2 protein chains.
Amino acid sequence: MPHPHDHDRVVLAHGGGGELMNQLIRDHLLTPLRNDALIQLGDGAVLPPSEGKLVFTTDSYVVTPLEFPGGDIGRLAIAGTVNDVTVMGAVPTAISLGLILEEGLPFEVLDRIVATIAKTAEEAGVPVVTGDTKVIERRIGRDGSPGDGLFINTAGVGTILPGCDWSIGRIEPGDVILVNGPIAEHGLAIMSVRNGIEFETSLRTDAAPLNHMLHTLFKSGADVKFVRDATRGGIAGVLSDIAETQSLGVEIDEQSVPLTPTARHAAEMLGLDPLSTANEGKVVCVVDEADVDKAISSLQSHQYGTKAAAIGRVVESDPPLVELITRAGGRRVVQRPYGEELPRIC
Amino acid sequence: MPHPHDHDRVVLAHGGGGELMNQLIRDHLLTPLRNDALIQLGDGAVLPPSEGKLVFTTDSYVVTPLEFPGGDIGRLAIAGTVNDVTVMGAVPTAISLGLILEEGLPFEVLDRIVATIAKTAEEAGVPVVTGDTKVIERRIGRDGSPGDGLFINTAGVGTILPGCDWSIGRIEPGDVILVNGPIAEHGLAIMSVRNGIEFETSLRTDAAPLNHMLHTLFKSGADVKFVRDATRGGIAGVLSDIAETQSLGVEIDEQSVPLTPTARHAAEMLGLDPLSTANEGKVVCVVDEADVDKAISSLQSHQYGTKAAAIGRVVESDPPLVELITRAGGRRVVQRPYGEELPRIC
């Protein structure tokens, strides 16, 4: 019988709980991700007690393709969970990594993605402390399209920053809406690759761990009411949540919304609204009107916030609506996307 | 355009981050799983500070079929993560739920599985506090076999029990090996269904949350050195880990290992070794020789431990081997399975 581990692809037997799975974990996961908690290889990790309230989040990643300009599914999986913990007002302290591998996945692809996971976790300063690996049979689409390769789930834990109260209920009329830079780049990068559309300046995902930037913002002393990462559903999704849950209106100035000319052009060609297109390194921050300058300076001091801008404000409104004030001075209602627009974007 | 939510199956648009996804989450997840942390619908859950060291684990579940005698993928996903946290010597306090749904999954199947998740979480007393849902395209196997329906990832957090030190390094020669009941039932139940083999008495998965049983064992005062759930790889996998990491031998008495006649018959027909067949409600406990009776009585006082038994002992051995003393008085070396035996068992 040939030894499956001589081959350069994942086989179903790598998920069986036997010696072959031990080899996969040791050679392709533990070495690149090495840290004290992970190498104990127990059923889980033991971490110090949390010093404040504990935050706990999870996200699965099914993006296709697995690798795209500026990043890959591994960068999304770490940045996404770091950001989810951070926008709760917490310091992320540990990440779990659940991999579902498809039979036939080349080890060279797995190794590149695990290297990105390690690099992004190091950038964020948040270790991957525990994990799990499963293997599923190779599958094809009805049109003969290839299988998915891998899915990732990450969960994250963190500790609430003492004195930090970023919660949607604190938002009031008069508060100002900020974003930390040009929007829609992740979704447009993915959709451009999928559609085989090339642009003069290539679009790259904005996927990035924002914990350091947001902790700097917290320490600036600006009165930040609420922070949310604008992933699936884009900034339109976050603003709709604010309007609906708080029964308030949101007015956005189109000309203030950071959007690169390349992204604008791509969105037009692809028929997408940048406001509802996914980001993976952008947050909507709602801040007290008096602290807008302080908050923007703080964001702009960080590499992921150099183009931060105020894009609108919270207003009284009945019914609660998100409205865009267009370049021409008109108004249009911004709606939460219904659902079809961007499958498998993260 | 027809409204996709009028249909009785999951469509790709349910994963798009829009209104349709909100409906899926509200109608099919939040209602059955309802609890205070989950309904806040933020990016994650906020939990009280951990009072001791924090335990953090994760597992993905890709079992096929999704439903089988005695349980389903939902019961595995909750019981498995509850057990992983518990065998670290901790009290599980919260679970995250990541769902990857395949386009075409009937809502009636999803609803049954989510109901099992809710019921198992309630039995364990551990709430699902945060979650995430993605949708992938329908895929088929090369042989035309249907798609997978859904994958689940759960992560768990918990707090180390004060005074509890279950760690593999505490194991010494003379310690006794216990299991809490008949082995191999989960793996055999799944393989019987897959192979269309029926037995006089149907085999059922043993999947169960063992936190209450193991906390009773801890409180019994018996000196428990180490506990590990014997999932993929079976009890042979756990015993191999003990031998390899501690450079000790393990001797198992075949006639002491709890195994039902039905399971023995099924294993023979399927050509499987019960020792390396997966369990989802069985743990290997290593206890000090002096406390064996106390530990067994404690386990037997709980519904999931009524058939608990001592099955062998830890010995000096060079090289470190796991050996089975057969009914006939012979010896055979028990090896960790290589990997092929039971794909997609959990």
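The values are calculated or read from the model by the stated rules, or taken from the named source; none is laboratory data. None of the values given here were measured: they were computed from a predicted structure. A quick note on method: Cβ atoms are made from the backbone with ideal geometry, for glycine too, and the neighbour counts reach across all protein chains shown. Protein only, heavy atoms only, side chains kept; ligands, DNA and RNA dropped before computing areas. Shrake-Rupley method; radii C 1.70, N 1.55, O 1.52, S 1.80 Å.
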Inter-copy separations for A:D293, label at 7 Å along Cα-Cβ, nm, ascending
8.2
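Before I look further, what does region A:168-333 give for accessible area per residue, probe 1.4 Å, in whole square angstrom?
Working: 6610 Å² over 166 residues.
I get 40 Å² per residue for this part.
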Given 0.36 nm per residue, what is the gain on full extension from B:R331 to B:A290 after removing their alpha carbon distance, in nm?
12.1 nm
For chain A, what number of Lys pairs, 8 or more residues apart or on separate chains, have alpha-carbon atoms under 24 Å from each other?
13
Looking only at A:I140, A:I177, A:I25, which one moves most when chain A is put into a Gaussian network model with springs between Cα atoms under 10 Å?
A:I140
Could you name every residue in region B:95-111 that has 10 Å² or more less accessible surface in the full protein assembly than in its own chain alone (probe 1.4 Å, ligands and nucleic acids excluded)?
B:S96, B:G98, B:I100, B:E103
Convert 10 °C to kelvin, take the viscosity as 1.306 mPa s, use the Kirkwood radius over C-alpha pairs of region B:168-333 as Rh, and evaluate the Stokes-Einstein diffusion coefficient in µm²/s, rounded to a whole number.
99
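As an exercise, use a Förster radius of 30 Å and the Cβ-Cβ distance of A:E268 and A:T306 to find the FRET efficiency, rounded to the nearest 0.05.
Details: r = 25 Å, r/R0 = 0.84.
Calculated value: 0.75.
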Could you give, in nm with one decimal, how far B:P48 is from each other copy of that position, shortest first, with labels 7 Å out from Cα toward Cβ?
2.2
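Show that you can apply the helix-only estimate: for chain B, add -39,500 (n - 2.57) for every DSSP H stretch of four or more residues, divide by all residues, and state [θ] at 222 nm to the nearest 500. Could the numbers behind the result be given before it?
Working: 9 runs with 95 residues, N = 346.
Helix-only estimate at 222 nm: -8000 deg cm²/dmol.
Quick check: at a probe of 1.4 Å, how many percent of the accessible area of region A:12-160 sits on carbon and sulfur atoms? Before the final figure, lay out each step's value.
On the way: 2390 of 4570 Å².
Answer for region A:12-160: carbon and sulfur cover 52 percent of the accessible area.
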Shielded by partner chains, region B:124-168 residues - at least 40 Å² of accessible area, 1.4 Å probe, vs chain alone:
B:D132, B:K134, B:I136, B:R138, B:R139, B:I140, B:R142, B:F151, B:N153
Compare A:L188, A:L20, A:L97 in a GNM of chain A, Cα atoms joined below 10 Å, and give the one with the largest fluctuation.
A:L20
Name the residues of region B:8-28 whose accessible area falls by at least 40 Å² when all protein chains are present instead of the chain alone, probe 1.4 Å?
B:A13, B:G16, B:G17, B:E19
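Out of region B:262-346, which trypsin sites (Lys or Arg not before Pro) are coil in DSSP terms and have no more than 12 other C-beta atoms within 10 Å? Each step should come with its number before you reach the end.
Details: sites: B:R264, B:K282, B:K294, B:K307, B:R313, B:R327, B:R331, B:R332, B:R344; in loops: B:K282, B:K307, B:R327, B:R344.
Within region B:262-346, the qualifying trypsin sites (Lys or Arg not before Pro) (loop, at most 12 other Cβ atoms within 10 Å) are B:R327.
May I ask you to derive the FRET efficiency for B:I140 and B:S167 from their Cβ-Cβ distance with R0 = 35 Å, giving the value to the nearest 0.05?
On the way: r = 45 Å, r/R0 = 1.30.
For B:I140 and B:S167, the calculated efficiency is 0.15.
Just round it to a whole percent: the fraction of Cα-Cα distances in region A:241-315 exceeding 18 Å. Walk me through the intermediate numbers first.
Numbers: 1387 of 2775 pairs.
Above the 18 Å cut-off, region A:241-315 has 50 percent of its Cα pairs.
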Taking placed amide H atoms and a strict 5 Å upper bound, the residues 5 or more places from B:G249 or on another chain that come that close are B:V315, B:E316, B:S317, B:L321
Run through the other copies and list how far each one's label point is from that of A:T31, in nm with one decimal, shortest first; the point sits 7 Å from Cα along Cα-Cβ.
5.1
Return the value, in Å² to the nearest 100, of accessible area buried between chains B and A (probe 1.4 Å, both sides summed).
6400
Taking θ = phi - 60°, what integer Hz values does the Karplus form 6.51 cos²θ - 1.76 cosθ + 1.60 yield along region B:105-118, in sequence order, with x for Gly and Pro?
4, x, 4, 5, 5, 3, 5, 5, 5, 5, 5, 5, 4, 4
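Nearest-5 percent of antiparallel DSSP beta bridges in region B:168-333?
Numbers: 20 of 24 bridges.
Antiparallel: roughly 85 percent of the beta bridges in region B:168-333.
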What base-10 log of the normalised intensity I(q)/I(0) is obtained for the protein assembly as shown from the Debye formula, alpha carbons as equal point scatterers, at q = 0.08, 0.11 Å⁻¹?
-0.61, -1.09
Springs between alpha-carbon atoms under 10 Å, Gaussian network over chain B: tell me which of B:G104, B:G271, B:G125 tops the mean-square fluctuations.
B:G271
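Chain B: longest stretch without exposed GluC sites (Glu not before Pro) (DSSP loop, at most 16 other Cβ within 10 Å), sites themselves excluded? Could you put the intermediate results ahead of the total?
Values: sites that count: B:E51, B:E198, B:E200, B:E316, B:E340.
Here the longest run is B:52-197.
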How many angstrom separate the Cα center of region B:285-331 from the Cα center of region A:271-335?
63
In square nanometres, what is the average projected area of the Cα convex hull of chain A?
18.9
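Share of region B:168-333's accessible area from carbon and sulfur, percent, 1.4 Å?
Details: 3040 of 6590 Å².
Of all accessible area on region B:168-333, carbon and sulfur atoms account for 46 percent.
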Find the Rg to Rh ratio for region A:205-290, where Rh is the Kirkwood radius over alpha-carbon pairs and Rg uses the same atoms.
0.98
